[in-house]
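The values are calculated or read from the model by the stated rules, or taken from the named source; none is laboratory data. As the structure is a prediction and not an experimental result, all values here were calculated from the model. In this analysis, Cβ positions are derived from the backbone assuming ideal geometry, glycine residues included, and neighbour counts consider all displayed protein chains. For the accessible areas, the whole protein counts, side chains as well, though only heavy atoms, and no ligand, DNA or RNA atoms are used. Shrake-Rupley method; radii C 1.70, N 1.55, O 1.52, S 1.80 Å.
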Amino acid sequence: MEAVPARARGYVAAVAVLVLLCLLPLPTVRTPWWALALLSALYAGCEYVVRRRLGGTFHPVLLAAAFLLPPPAAALVPLPAALLCPVEQRPALPRRVWRAAQPALAVWGAAAVHWTLGGRDAVVTSDFPYALLPAGAAVLAFCVILTVLDGGILVVAERVPLRRAWRGLLSRSLAPVAVQGLAGLMMAVLWRSPYGPVAALLVLLPMYVSWWVFAQYHRERAAHQATIRALVQAVDIKDGYTRGHSERVGQASVLIAREIGMDDERIEVLRFAGILHDVGKLGVPTRLLRKEGPLTPEERRVIELHPEYGHEMVRGISFLGEARAAILHHHERLDGSGYPYGLAGDRIPEAARVVAVADAFDAMTSTRSYSRARPVETALVELERCAGAQFDPRMVGALVRALRRHGWHPAVTADEAHTPVRAVAGGGTLR
């Protein structure tokens, strides 16, 4: 987002005013200024390194500040980082203010909860396991404040609907921030120990390594998504009548996979299989894909080569796993009359049997050049009629149960502009 709307500027200003109100008691609070200065410098250094090398934000030092300092003093820790770290997008001022205000308010809230529950004394005396209770409450407060602020900026800056703005933000951020909170608590306890701040700094090295591994995983995942998106967009451009079909088949495949109890890893593979099941159409002449009249036997044989074309195209993509078999065999039929190899029954890979049902369901409920969309219930009745001969009855039953429980609300994104994934907990649109 290059321009910051006026309503977003007002929102940022309001958050900044809240931070100033949190700082008002500072002159009356006994503050260890040397500790505040050291933590501020340490956080600024960590933010600079993490932003440039890994992306995202690094919270252990902030949470350690919440466990060590009074709330008004803890709120000062993020400010030097906001001033020193470069801002790539313009205008820089509102983005810099947001970088300062959002974590400042979150760490103030975490410190207030921690001190209210007696966490300071538990840290000083290393009172375990009691120290975990106020620390856990502080981490939860930290996450909740970041979530509320992030959702708010999505509403005012990007006009995301209220019902969607906060969906999933807290659940995605809680686990990683809880891990960083544990590291922050270890820092605080070591800081208060006879070994002092130097020992506390040792916590950051393994935390940085784990953060690097986490970032590498997400970069690899983003590369996978980009590869799949590019292939899907190419198919959608070539066969305009089926725009969005691939992603809908991916969603229906996920519904079936979850219903039959597949683990999360296989569910993700099934989603890839559904999305890429028609990638072989890139090898089919466009005039055949867009032909409005009936196909000749020769033309049909050419189109029926697309599973083999697709399998060849993705053969070297290792992360697809069994999705490659689904791409090759999703037009096989349970009675052995399908293509390309005429496999029957259990000889057809399970992933292919899932995608076959998902593909047929979306084909029936979508308008094509040769047919009008049918109602969902009509499509389900047709699937049940063909179960046992064309489709696996287990997969048909799973889709019927899933749709009757959850409904069918496909969200197609293949033709939307790619937007970068925000960092979990405190990413925000102004970062």
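List of remarks:
- Count of region 293-317 residues, restricted to those that are exposed (fewer than 14 other Cβ atoms within 10 Å of the Cβ) and either within 16 Å of Lys238 (Cβ to Cβ) or of a type in the set (Gly, Ala, Ser) (or both), is 2.
- Odd one out for Arg7 among (1) open to solvent by 50 Å² or more (accessible area, probe 1.4 Å); (2) under 19 Å from Ile145 (Cα atoms): (2)
- Gly342, sole failed condition from (1) within 26 Å of Thr227 (Cβ to Cβ); (2) in contact with a Gly (Cβ under 7 Å, 6 or more places away or on another chain): (1)
- For the criterion of being crowded, with 16+ Cβ neighbours inside 10 Å and either in contact (Cβ under 8 Å) with a residue 12 or more places away in the chain or under 23 Å from Leu255 (Cα atoms) (or both), Arg290 fails.
- Residue selected from region 136-179 under the condition outside any helix (DSSP H, G or I) and more than 16 Å from Ala106 (Cβ to Cβ), by the criterion most open to solvent (accessible area, probe 1.4 Å): Arg159
- Residues being free of Cβ contacts under 8 Å to residues at least 12 places away in the same chain and either surrounded by 14 or more Cβ atoms within 10 Å (Cβ to Cβ) or assigned to a helix (DSSP H, G or I) (or both) - total across region 364-385: 5
- Leu320 being closer than 24 Å to Arg229 by Cα, open to solvent by less than 20 Å² (accessible area, probe 1.4 Å) and hydrophobic (A, V, I, L, M, F, W, C): yes
- Number of positions in region 114-135 that are under 18 Å from Val179 (Cα atoms), open to solvent by 20 Å² or more (accessible area, probe 1.4 Å) and modelled with pLDDT of 85 or more: 2
- Filter pass, Pro297 being free of Cβ contacts under 8 Å to residues at least 60 places away in the same chain and within 20 Å of Glu322 (Cα to Cα): no
- Test set (1) open to solvent by less than 20 Å² (accessible area, probe 1.4 Å); (2) over 34 Å from the mean Cα position of the chain (by Cα); (3) modelled with pLDDT under 90 - Gly338 fails condition number: (3)
- Cβ-Cβ under 7 Å pairs, at least 6 apart or on other chains, region 345-363 side without any contact (Cβ under 8 Å) to a residue 24 or more places away in the chain and surrounded by fewer than 24 Cβ atoms within 10 Å (Cβ to Cβ), far side among the hydroxyl-bearing types (Ser, Thr, Tyr) and assigned to a loop (DSSP other than H, G, I, E, B): none
- Residue within region 227-234 that is open to solvent by 30 Å² or more (accessible area, probe 1.4 Å), small (Gly, Ala, Ser) and not in a helix (DSSP H, G or I) present: no
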